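Accompanying notes for the structure given below.
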Amino acid sequence: MRPETIEAVCFDFDGTLADTEPLGIELDLEAYRSLGLDVPLEEAHTVCGTDGKASVEAILANHGRPDLTAENFEARRRPSSQIYRSMDIAVFPGAFECVRSLRAAGVKCAVVSTTAACDLAYGLSRIGAMDCFDAMVGGDMVERRKPAPDPYLLALSFLGVDASHAIAVDDSPVGIASAKAAGLHVVAFTGSQIRQDTSAADETLAAWPLDLGL
């Protein structure tokens, strides 16, 4: 059940507010090809919402290269920072309009991502959304990233709001686990091109806006 009083909403970025996950998959496929591997798109999608390393190594082994490691893969992959600094970032229709309307109604808003803070800020600036949030948490700002509760707990501390009065919106299993561990009510965004297991969330949202009845 949603909190009776909602003082804050914490939003994931990739795959929730912005449709950036296909851009990451594009970089992944490019790296696989450079290693001589023809990985199907659907198989590449299995890395989304995981810690990455184990999933990448499973794909490498599945394609006859158990000798390769995630480090070998990363050495061939263009850095994810390019997504936020030079690639075309598509935002989900109505996403940032929703954030702005919530803030106008007095709800505090934070963006909570595994992406490095400098890249996240760069991306938000490029799409004209830096003014949308009261707080921003990047993956390099915490000792433990999602699925640990640290990112959402840090966001709540910045906002000065207790978890019992906050909602998180995230699209991945690790993000949902992180928010749940931090004590937030979790809405799973399911409008991304890449389908993930969101069964642990309290409710789902297929398209923006998020109606809080304010």
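Here, each number is a calculation from the coordinates, and none is a lab measurement. All of these numbers come straight from a predicted model, not from anything done at the bench. Quick reminder, even Gly has a Cβ in these numbers, built from the backbone with ideal geometry, and neighbours come from all protein chains shown.
Taking the stretch 89-105 as the range and being in contact with a Leu (Cβ under 8 Å, 6 or more places away or on another chain) and surrounded by fewer than 16 Cβ atoms within 10 Å (Cβ to Cβ) as the test, only Ala105 passes.
Somewhere in the stretch 146-166, is a residue under 20 Å from Ile89 (Cβ atoms) and β-branched (Val, Ile, Thr)?
Going through the stretch 146-166, the residues under 20 Å from Ile89 (Cβ atoms) turn out to be none.
No, that holds for no residue.
Is it fair to say Ser80 is in contact with a helix residue (DSSP H, G or I) (Cβ under 8 Å, 6 or more places away or on another chain), of a type in the set (Gly, Ala, Ser) and under 19 Å from Asp12 (Cα atoms)?
Numbers: in contact with a helix residue (DSSP H, G or I) (Cβ under 8 Å, 6 or more places away or on another chain): yes; of a type in the set (Gly, Ala, Ser): yes; under 19 Å from Asp12 (Cα atoms): yes.
Here the answer is yes, as Ser80 does meet what is asked.
Hey, can you tell me all the residues within the stretch 163-194 that are part of a helix (DSSP H, G or I) and under 24 Å from Lys53 (Cα atoms)? Of everything in the stretch 163-194, those that are part of a helix (DSSP H, G or I) and under 24 Å from Lys53 (Cα atoms) turn out to be Pro173, Val174, Gly175, Ile176, Ala177, Ser178, Ala179, Lys180, Ala181.
On the basis of being without any contact (Cβ under 8 Å) to a residue 60 or more places away in the chain and more than 30 Å from Ala207 (Cβ to Cβ), does Arg85 make the cut? No.
Would you pick out the residues in the stretch 65-74 that are part of a loop (DSSP other than H, G, I, E, B) and either loosely packed, with under 15 Cβ neighbours inside 10 Å or without any contact (Cβ under 8 Å) to a residue 12 or more places away in the chain (or both)?
From the stretch 65-74, those part of a loop (DSSP other than H, G, I, E, B) are 65-69; that's our starting set.
Within the stretch 65-74, Pro66, Asp67, Thr69 meet the criteria.
Look at (1) more than 21 Å from Leu156 (Cα to Cα); (2) surrounded by fewer than 17 Cβ atoms within 10 Å (Cβ to Cβ) and you find that Cys118 fails only one, number (1). Hey, does the stretch 198-214 have a residue that's among the acidic types (Asp, Glu), assigned to a helix (DSSP H, G or I) and without any contact (Cβ under 8 Å) to a residue 24 or more places away in the chain? No: the stretch 198-214 contains no residue that is among the acidic types (Asp, Glu), assigned to a helix (DSSP H, G or I) and without any contact (Cβ under 8 Å) to a residue 24 or more places away in the chain.
When the stretch 128-138 is filtered for residues that are crowded, with 17+ Cβ neighbours inside 10 Å and closer than 20 Å to Met87 by Cα, the ones remaining, listed by number, are Ala129, Gly138. Residues that are more than 16 Å from His185 (Cα to Cα), out of contact with any strand residue (DSSP E or B) (no Cβ under 6 Å at 6 or more places or on another chain) and assigned to a helix (DSSP H, G or I) within the stretch 150-162 comprise just one, Ser157.
Which fully enclosed helices (runs of 4 or more DSSP H) of the stretch 75-149 have 2 or more residues being farther than 19 Å from Val161 by Cα and touching a Lys or Arg at 6+ places or on another chain (Cβ under 9 Å)?
Fully inside the stretch 75-149 and qualifying: 81-85, 117-126.
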